[in-house]
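*Asks:* Before I ask anything, let me first share the structure, which is written out below as structure tokens.
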Amino acid sequence: MNGPTEKCDRLGELMCLAQTGDRNAYDRLLRNCSDIVRRVVRRRYPYLPPSDFEDLVQDVLLSLHTVRATYDGERPFLPWLLAILRNRTADMARRHARKAAREVAVEKYPETFDEAEANTIDEAYGDPQALRQAITKLPKGQRVAIELLKLREMSLKEASEESGMSIAALKVASHRATRALRLSLQSRDEYGH
Amino acid sequence: MDTDSLIAELSGSVRPVSPLRPAWQRTALWLALGLPPLVLVIAIHGLEVSPATLMGDRLLWIEEIAALATAITAAMAAFASTVPGGNRKWLWLPVIPLSVWLLTIGKGCYDDWLQLGPEALSLRLDTGCAIPMVAIGLVPTIAMVTMLRHGAPISPRISLVLGALATAAIVNFGLRLFHAGDVTIMVLVWHFGFIAAVALIACFVAPRILAWHHQFRGYPANG
């Protein structure tokens, strides 16, 4: 039966062979190490999400690979491996802490910016009745453009097919209608009618 | 990339490596690289005091031996700190010679005070030692950083601060031979101020100089 010390020595022997360039020994060593690292991480950090879990295992293997020259065959292998694991885990925890401090997770990104002028279009007008009346007073072309593009939320292409107006004409009409509506509603609000 | 593919890639591309030598052997190599510039500078610059005066100053010799011992033990501790799983007690090795060094300088300050009075505590800016200091310190600094980068960056700040202490101690060991006649407050403030400044800078830049990502270059698995 293989006890922990025997296994440790076996891993040390594999690492000594790997230091001479033995690919099979190195492959066996890395597979054994990935199992050990998984076991230790699962026991010590059970709260880690699966993606971080495997990232950590790979990080430890890469670290082990880059500093394999620092292993001394006279010394036990496991403390060497676990020191690397502790270091990589601490680094990962620091990265997570930095990320949590600097980034805010959002489900859906806002479509406009914070500045007031960027949000004027999205502001809902408070009196829908007055808006409807103002639309009926618009010239026909502008009224059609507003109804199709803003109220029925058609694309320019769909609105063009529906109305028979060109896309350029629809853009101009929509722009003029918006300006006319803003002026009309502003003056109504200012004079209280 | 999944872990099995990573293992296949790493084991498929593994090359032979020479195991890192023990800390004391690396320290011997560092001294072998760092001491010749010191000898060369002394040969060119010469000593400011006569060898007879130097030989008669017992406190100065204790101070010099303590400075050299600090350099050696700090270098050993720095190299030991780059081996994963090593005994961390080694990191305390420079404390004893460093304490002796500080005590001898403190004793020197006290003796100067008794002999000269308040004048013993007067400071002046001495820029004459700047060039010899750079000449003595350049090779040990480069050698130390290069050798530390061959190890594992397990505790980069500790490794580089110890390396900075070792380098600063060897520079001070050399400089003291030029400034043997100085009042010791100058040594305490300027030389130890220099060591503190070097250690502080080392503490800030360590994670950039001794980092894992430098060593990951060239591995596709890491991007």
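Values quoted throughout were computed directly from the atomic coordinates according to the rules given, and no laboratory measurement underlies them. Owing to the predicted nature of the structure, the values given are computational and were not obtained by experimental measurement. Note that each Cβ is placed from the backbone with ideal geometry, even for glycine, and that neighbours are counted across all protein chains shown.
*Asks:* When N is the residue count of the range B:1-115, what does its C-alpha Rg come to as a fraction of 2.2 N^0.38 Å?
*Replies:* Values: Rg = 22.1 Å, N = 115, 2.2 N^0.38 = 13.4 Å.
Output field value: 1.65.
*Asks:* Quick check on the exposure proxy: order B:129, B:203 from fewest to most C-beta atoms within 10 angstrom. Intermediate results must be reported in sequence, preceding the final value.
*Replies:* Working: B:129 20, B:203 15.
Fewest-to-most Cβ neighbours within 10 Å comes out as B:203, B:129.
*Asks:* Rounded to the nearest 0.05, what FRET efficiency do residue B:4 and residue B:203 give with R0 = 41 Å and r taken as the Cβ-Cβ distance? Could you check? The partial results should precede the final answer.
*Replies:* Working: r = 40 Å, r/R0 = 0.98.
My answer for the efficiency is 0.55.
*Asks:* Compute the FRET efficiency between residue B:59 and residue A:103 as 1/(1 + (r/R0)^6), taking r as their Cβ-Cβ distance and R0 = 51 Å, and round to the nearest 0.05. Walk me through the numbers before you get to the answer.
*Replies:* Numbers: r = 58 Å, r/R0 = 1.14.
So, using R0 = 51 Å, E works out to roughly 0.30.
*Asks:* How high is the relative contact order of the range B:1-125, given as a whole-number percent (alpha carbon pairs under 8 Å, six or more residues apart)? Write down the numbers at each step before the final one.
*Replies:* On the way: 63 pairs, mean separation 28.1, N = 125.
Relative contact order of the range B:1-125: 22 percent.
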